[in-house]
Amino acid sequence: MEKNVKGHDALVVKARNCRLCAPHLPHQPNPIFSTAPSTKVLIIGQAPGLKAHERNIAFDDPSGDRLRDWLSVSRETFYNPSLISVLPMGFCFPGYKNGADAPPRKECAPAWHNDFLLYLKPEVTLYVGRYSQQYYLPQHKTLTEAVRSPTETHFVLPHPSGRNNRWLAKNPWFELDILPKLRDTVESVLKV
């Protein structure tokens, strides 16, 4: 375990200093992720937004409030990487495109995820948003299809942004069927 922790910690330092996408970012690179080898739940999200970039904390915004509500966890639990780790598809704020956050940079996940996943062995992984779903679970033709297909070890969730309120209204089964299963699974895994 000690070797895992040292290897993980060295990887964290290396990733925090990443400048791979610097020429393409609107701000200085600020890789935002939170991981621990002992994590129980891994969230693979999209990319930090501007607020996360400015505060240096993932999901510290209304989207994070909604996500924590979906999981039925406190801020304290959510921000304890030994319990819940956050590994976005893009570590840095990608800027804006067409009035919304731009997609995660395509270089980031291939450059870093496999190395992190050597150390992270969560009991359940949550793929938040279509970018993580398409990257990790491309067998599903749509995000909706993937959300409908949870397993014991993973769930796919729509991004908790207010931009998805229409999707949530059109798919009431998400709150009725998926969220109770998600909450039960997270509670069981965390045993907090």
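The values are calculated or read from the model by the stated rules, or taken from the named source; none is laboratory data. Since this is a predicted model, take the numbers as computed values, not measurements. As a convention, Cβ positions derive from the backbone with ideal geometry for all residues, glycine included, and neighbour counts pool all protein chains shown.
Flag set for residue 90, criterion: in contact (Cβ under 8 Å) with a residue 12 or more places away in the chain and surrounded by 24 or more Cβ atoms within 10 Å (Cβ to Cβ).
Just one residue in the set 43, 57, 32 is of a type in the set (A, V, I, L, M, F, W, C), surrounded by fewer than 19 Cβ atoms within 10 Å (Cβ to Cβ) and in contact with a strand residue (DSSP E or B) (Cβ under 9 Å, 6 or more places away or on another chain); that residue is 57.
Screening residue 133 against (1) in a loop (DSSP other than H, G, I, E, B); (2) surrounded by 21 or more Cβ atoms within 10 Å (Cβ to Cβ); (3) out of contact with any Gly (no Cβ under 9 Å at 6 or more places or on another chain) leaves a single unmet condition, (1). Considering region 162-192, and only residues there that are modelled with pLDDT of 95 or more and assigned to a loop (DSSP other than H, G, I, E, B), the residue that is surrounded by the fewest Cβ atoms within 10 Å (Cβ to Cβ) turns out to be 172. Of all the numbered requirements in (1) surrounded by fewer than 18 Cβ atoms within 10 Å (Cβ to Cβ); (2) in contact (Cβ under 8 Å) with a residue 24 or more places away in the chain, residue 138 misses one, and that requirement is (2). Among the residues here, residue 85 does not qualify as small (Gly, Ala, Ser), under 28 Å from residue 182 (Cα atoms) and loosely packed, with under 13 Cβ neighbours inside 10 Å.
Scanning region 96-112 for residues that are touching a residue at least 24 places away in the same chain (Cβ under 8 Å), out of contact with any strand residue (DSSP E or B) (no Cβ under 8 Å at 6 or more places or on another chain) and not in a strand (DSSP E or B) turns up 104, 105, 107, 108, 109, 111, 112. If the condition is being among the charged types (D, E, K, R) and not in a loop (DSSP other than H, G, I, E, B), then region 136-148 contributes only 145. A single member of 42, 67, 126 is assigned to a helix (DSSP H, G or I), under 16 Å from residue 182 (Cβ atoms) and under 12 Å from the mean Cα position of the chain (by Cα), and it is 67. For residue 151, the conditions (1) surrounded by fewer than 19 Cβ atoms within 10 Å (Cβ to Cβ); (2) among the β-branched types (Val, Ile, Thr); (3) part of a helix (DSSP H, G or I) all hold with the exception of (3).
Residue-wise test of (1) under 16 Å from residue 39 (Cβ atoms); (2) modelled with pLDDT of 95 or more; (3) of a type in the set (Lys, Arg).
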{"site": "75", "(1), (2), (3)": "no, yes, yes"}
{"site": "79", "(1), (2), (3)": "yes, yes, no"}
{"site": "88", "(1), (2), (3)": "yes, yes, no"}
{"site": "96", "(1), (2), (3)": "no, no, no"}
{"site": "104", "(1), (2), (3)": "no, yes, no"}
{"site": "116", "(1), (2), (3)": "yes, yes, no"}
{"site": "119", "(1), (2), (3)": "yes, yes, no"}
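Taken over region 83-95, the residue count meeting the criterion of being among the aromatic types (Phe, Trp, Tyr) and out of contact with any strand residue (DSSP E or B) (no Cβ under 9 Å at 6 or more places or on another chain) is 1.
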